[in-house]
Amino acid sequence: MAVLLPYLYTGGVHKHGLLIELMEDLGGYIIQKVVTGTEVNLIMLVPEKDVYVVKKLSDELLGVLVEAPLTGVEIAVVSPTLASHHLPHSACDIAEYLRHPGANTNMIGLARGMGRRVSLSMDYERKLINEHDIAVFTFGSFSDCITKKKPKLFEGIEIPIVVTGGPADLKSEDVPGADLYIGNIGRVSHRLRRTEEINALDSLNEGVSKIADNIRKQQAKDPLAVLPARVMKEIENQIPKIRTVLSPAPLTLQLDGIRVKLPYDEFHEKIEKLEFDEGVTLSELADISRSKMKNYILIKCKSKSDVGFAI
Amino acid sequence: MDSLETFVVESAIDSEQEFYRKIIEDNLASLKLAPAIGRIKVVLRPEDSLFQMAIILREVGTKVTTIDIADVEVKPIAGVVIISIKKEQYIPELLVKLWERYGKANISQPDRWTVAISTDKPIEEAAFIKEMLVADPRHRLHENLVDFAIRATPEGFRVRYHLYKGNRFLFVASEEAMKHEWIEEAGAMLDELIEGGKK
């Protein structure tokens, strides 16, 4: 199986279709295409050995091609609540910065996450967070809260947990249950723009990318029966209705699955019966369930060892 | 008293103190409160889930009536009162009050600076409108202060006490049941701030 590398292309709209065609020829995937005015952003998976071909074309088109290590990763940015204490700064700033290297982020505000003694999360919220690949919890400025009180919100979270907070001297080990702690992003009421804040956001991106890489490495030991990107392409081809969905990412890739932003009741059968050239249907290769997010469809690909074969 | 001549934030950990100082500065700026505040002291005790704040305010503007911001003219035969606005910033408040009294149908705005009201008793109404209270900066300040206090406090601290008397504002917030001594401590902070001015 070809190794696919994530890249982000930024350039003019003019002739960007050539790049899409090239990607089809090479067997790569366009994950997301965002057109803003005269500029286009293409997030794509490029076969490793053909990267230089894509690079050449992007240079010809005067665009910029950069690695986007968080492509195909869906991240939950969890703030204690959706009150003005946490939004838009710093939670939105964090989510926005995580999107730079290609991640899809969802902001989740807990209903009762605020406070020290009284903070708690609901079963529904935990399940919703667990649908993602990585959870980033945005906490405040008191080290006492971060190390002693807030970690109870991690109970029941099965995906890797990243914590952001104000104190710069805390270490990841000091926060029980967290895989990574990033300081200098505490509660702020201004846009994150000072040097140390931007540095902190950079190290957040770096840390999250590392975690995503680790998950990929673990996955490589027992590969998925089908690549989520391939499922994405088949859905685009076989369920034309997806093109009418107005969400920014109608098909959101995850490391081990894909979120389809179509109503479950109407479309889950079509998704289950999705056919591949090899003669198998998607229901054999993946678990298809109702997402906790709205009424969407969640596809989680099974691993090769579960299915017995991979396509 | 100069604006923000005393600005103290106290906490057991220095770095946390800096974070809160910045949060308070940002919130003061976004609510445009800095010119109204003379002295402010904030004490943070996260281990007790406690936030205390004492503020001494500077002189604020007096009440604003229609005649301060506009000329009122009567046209008895047409049954119309014409208000020619001089200070545009109070138009929203003025209009809300007028709508309430005369109804939107009876009020027209031929241009940005003019409000015309049709009424049966133009002379009496003109006299009333001239003396009508349009805005009370103290009231608006109070609203902003409470808003500021809630924004600056950690979100989980939902048990709150606040006192606004003369030019003094006191705010205590916690997650636990409010203790009397916390309010007294905050009162002592306020006294300290008042004395601070005598030097």
* Asked: Right, B:Ala116: away from chain A (no Cβ under 14 Å) and either out of contact with any Phe, Trp or Tyr (no Cβ under 8 Å at 6 or more places or on another chain) or surrounded by 14 or more Cβ atoms within 10 Å (Cβ to Cβ) (or both) or not?
  -> yes
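Let's see how each residue does on (1) assigned to a loop (DSSP other than H, G, I, E, B); (2) under 22 Å from the mean Cα position of the chain (by Cα); (3) surrounded by fewer than 18 Cβ atoms within 10 Å (Cβ to Cβ); (4) not small (Gly, Ala, Ser):
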{"residue": "A:Val77", "(1), (2), (3), (4)": "no, yes, no, yes"}
{"residue": "A:Pro88", "(1), (2), (3), (4)": "yes, yes, yes, yes"}
{"residue": "A:Ala95", "(1), (2), (3), (4)": "no, yes, no, no"}
{"residue": "A:Ile108", "(1), (2), (3), (4)": "no, yes, no, yes"}
{"residue": "A:Gly113", "(1), (2), (3), (4)": "yes, no, no, no"}
{"residue": "A:Arg117", "(1), (2), (3), (4)": "yes, no, yes, yes"}
{"residue": "A:Gly140", "(1), (2), (3), (4)": "yes, no, no, no"}
{"residue": "A:Lys149", "(1), (2), (3), (4)": "no, no, no, yes"}
Within the stretch B:135-168, residues part of a loop (DSSP other than H, G, I, E, B), surrounded by fewer than 16 Cβ atoms within 10 Å (Cβ to Cβ) and either of a type in the set (D, E, K, R) or at pLDDT 90 or above (or both) come out as B:Asp136, B:Arg158
Per the list (1) among the small types (Gly, Ala, Ser); (2) within 23 Å of A:Gly102 (Cα to Cα); (3) within 14 Å of chain B (Cβ to nearest Cβ), residue check on A:Ala212 breaks on (3)
For A:Asp202, the lone unmet condition from (1) within 20 Å of A:Ile75 (Cα to Cα); (2) within 12 Å of another protein chain (Cβ to nearest Cβ) is (2)
All-but-one check, A:Gly279 against (1) surrounded by 14 or more Cβ atoms within 10 Å (Cβ to Cβ); (2) out of contact with any helix residue (DSSP H, G or I) (no Cβ under 8 Å at 6 or more places or on another chain); (3) over 30 Å from B:Ser30 (Cβ atoms), failing number (1)
Of the residues in the stretch B:134-174 that are in contact with a strand residue (DSSP E or B) (Cβ under 7 Å, 6 or more places away or on another chain), closer than 19 Å to B:Asp48 by Cβ and of a type outside the set (A, V, I, L, M, F, W, C), the one that is nearest to the other protein chains (Cβ to nearest Cβ) is B:Pro154
For the stretch B:1-31, the count of residues that are more than 14 Å from chain A (Cβ to nearest Cβ) and part of a loop (DSSP other than H, G, I, E, B) equals 5
The condition of being within 14 Å of chain B (Cβ to nearest Cβ), of a type in the set (Lys, Arg), more than 22 Å from A:Asn295 (Cβ to Cβ) and out of contact with any Leu (no Cβ under 7 Å at 6 or more places or on another chain) holds, among A:Arg99, A:Arg117, only for A:Arg117
Every listed condition ((1) over 25 Å from A:Arg216 (Cβ atoms); (2) out of contact with any Leu (no Cβ under 9 Å at 6 or more places or on another chain); (3) hydrophobic (A, V, I, L, M, F, W, C)) holds for A:Phe154 save (1)
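Quick grid of which residues meet (1) within 20 Å of B:Ile24 (Cα to Cα); (2) assigned to a loop (DSSP other than H, G, I, E, B); (3) modelled with pLDDT under 95:
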residue: A:Pro167; (1), (2), (3): yes, yes, yes
residue: A:Gly177; (1), (2), (3): no, yes, yes
residue: A:Asn184; (1), (2), (3): yes, yes, yes
residue: A:Arg187; (1), (2), (3): yes, yes, yes
residue: A:Glu197; (1), (2), (3): yes, no, yes
Residue set B:Leu57, B:Leu50; condition within 14 Å of chain A (Cβ to nearest Cβ), under 30 Å from B:Val159 (Cβ atoms) and in contact with a Phe, Trp or Tyr (Cβ under 7 Å, 6 or more places away or on another chain); output residue B:Leu50
Within the stretch A:158-195, residues being polar (S, T, N, Q), closer than 25 Å to A:Asn130 by Cβ and surrounded by fewer than 18 Cβ atoms within 10 Å (Cβ to Cβ) number 1
- Item | Verdict on A:Ser189 being among the hydroxyl-bearing types (Ser, Thr, Tyr), more than 19 Å from A:Val73 (Cβ to Cβ) and without any contact (Cβ under 8 Å) to a residue 24 or more places away in the chain | no
Looking at the stretch A:204-214, can you tell me whether even one residue there is among the β-branched types (Val, Ile, Thr), under 21 Å from the mean Cα position of the chain (by Cα), in the same structural domain as A:Ile185 (by TED's automatic domain parsing) and surrounded by 13 or more Cβ atoms within 10 Å (Cβ to Cβ)? yes
Within the stretch A:38-75, the residues that are under 30 Å from A:Lys149 (Cβ atoms) and either in a loop (DSSP other than H, G, I, E, B) or free of Cβ contacts under 8 Å to residues at least 12 places away in the same chain (or both) are A:Leu70, A:Val73
Matching residues in the stretch A:125-163 (of a type in the set (Asp, Glu), within 11 Å of chain B (Cβ to nearest Cβ) and closer than 15 Å to A:Val77 by Cα) number 0
Within the stretch B:88-108, the residues that are without any contact (Cβ under 8 Å) to a residue 12 or more places away in the chain and farther than 17 Å from B:Lys63 by Cα are B:Trp99, B:Glu100, B:Arg101, B:Gly103, B:Lys104, B:Ala105, B:Ser108
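The values are calculated or read from the model by the stated rules, or taken from the named source; none is laboratory data. Nothing here was measured: the structure is a model prediction, and the numbers come from that model. Quick reminder, even Gly has a Cβ in these numbers, built from the backbone with ideal geometry, and neighbours come from all protein chains shown.
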